[in-house]
1. Please work out which residue is surrounded by the most Cβ atoms within 10 Å (Cβ to Cβ), limiting yourself to segment 40-57 and to residues that are under 11 Å from Ile5 (Cβ atoms) and touching a helix residue (DSSP H, G or I) at 6+ places or on another chain (Cβ under 7 Å).
2. Do any residues in segment 40-57 that are within 20 Å of Asp69 (Cβ to Cβ) have Cβ atoms under 6 Å from those of residues that are in a strand (DSSP E or B) and of a type in the set (Gly, Ala, Ser), where the two are at least six apart or on different chains, and which pairs are they?
3. When Asp145 is evaluated against the numbered criteria (1) more than 23 Å from Ser31 (Cβ to Cβ); (2) of a type in the set (Asp, Glu); (3) at pLDDT 85 or above, which criterion, by number, is the only one it fails?
4. Residues of segment 43-89 being in a helix (DSSP H, G or I), within 24 Å of Glu20 (Cα to Cα) and touching a strand residue (DSSP E or B) at 6+ places or on another chain (Cβ under 7 Å), which ones?
5. In segment 146-161, how many residues are assigned to a helix (DSSP H, G or I), touching a residue at least 12 places away in the same chain (Cβ under 8 Å) and surrounded by 16 or more Cβ atoms within 10 Å (Cβ to Cβ)?
6. Phe35 fails exactly one of the following numbered conditions: (1) of a type outside the set (Gly, Ala, Ser); (2) over 21 Å from Ser90 (Cβ atoms); (3) not in a strand (DSSP E or B). What is the number of that condition?
7. Among the residues of segment 3-39, which ones are loosely packed, with under 11 Cβ neighbours inside 10 Å and under 23 Å from the mean Cα position of the chain (by Cα)?
Amino acid sequence: MIDYIKGNMTQITPTFLTIETGGIGYSVNISLTTFAKLEGKNDYKILIHEVIREDSHQLFGFADKEERDIFRSLISVTGIGAATARMMLSSLSPTEIEKAIIGSDVNLLKSVKGIGLKSAQRIIVDLKDKLGKQAGTGEIFAFADNTRREEALSALVMLGFAKSAVLKVLDKIIREEKNLTVEDLIKRALKNL
């Protein structure tokens, strides 16, 4: 099994790259996240995940271990193949995917092309505990009470604040103090927005 390939990138596009090492050019599928990190570089060590089937042999490449770990977690879910996992990593960062799973954010996962309600729910059910343990016990408890977080988020978005900014502020507040009411969450978030 190939763990990584270190060599000279002879071609890079948003969906694949060609990396040459030892006189052999390897065609490697990549996500937009990896493309953004590698663009403009010539020599690089790219982490690899191999998908070997009877009719094909594909290489998927990643700029860092975090992205490859999330990819491997995603393809362990029934119904999520390598192409879908790559699409998810092209639409969302590994951190956003992990937070969406731990925080049971079905809507964020559904926003990815090819992911419907049932697939998003299956990803959350299959991976929430696994990713929560990897993130550490503090992280899983930070998102445990998703109802209050969602109510506060909804209220603040209705007030005109950007959803992404509100999520960051709410997550920070919940990490610092977990037992706040919805009203207290909103009041604290308003001070930080």
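The values are calculated or read from the model by the stated rules, or taken from the named source; none is laboratory data. A quick note: this is a predicted structure, and the numbers were derived from the prediction, not measured. Counting neighbours? That spans all protein chains shown, and the Cβs are built from the backbone with ideal geometry, glycine included.
1. Leu47
2. From segment 40-57, the pairs are Ile46/Gly61; Ile48/Gly61.
3. Against the list (1) more than 23 Å from Ser31 (Cβ to Cβ); (2) of a type in the set (Asp, Glu); (3) at pLDDT 85 or above, Asp145 comes up short only on (3).
4. Residues satisfying the conditions are Lys65, Arg68, Phe71, Ala82, Arg86.
5. 6
6. Here Phe35 clears every test but (2).
7. Scanning segment 3-39 gives Asp3, Thr13.
Rundown of residues vs (1) modelled with pLDDT of 85 or more; (2) of a type in the set (Lys, Arg); (3) touching a His at 6+ places or on another chain (Cβ under 9 Å), yes/no style:
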position	(1), (2), (3)
Ile115	yes, no, no
Ala120	yes, no, no
Arg149	no, yes, no
Ala155	no, no, no
Met158	no, no, no
Asp171	no, no, no
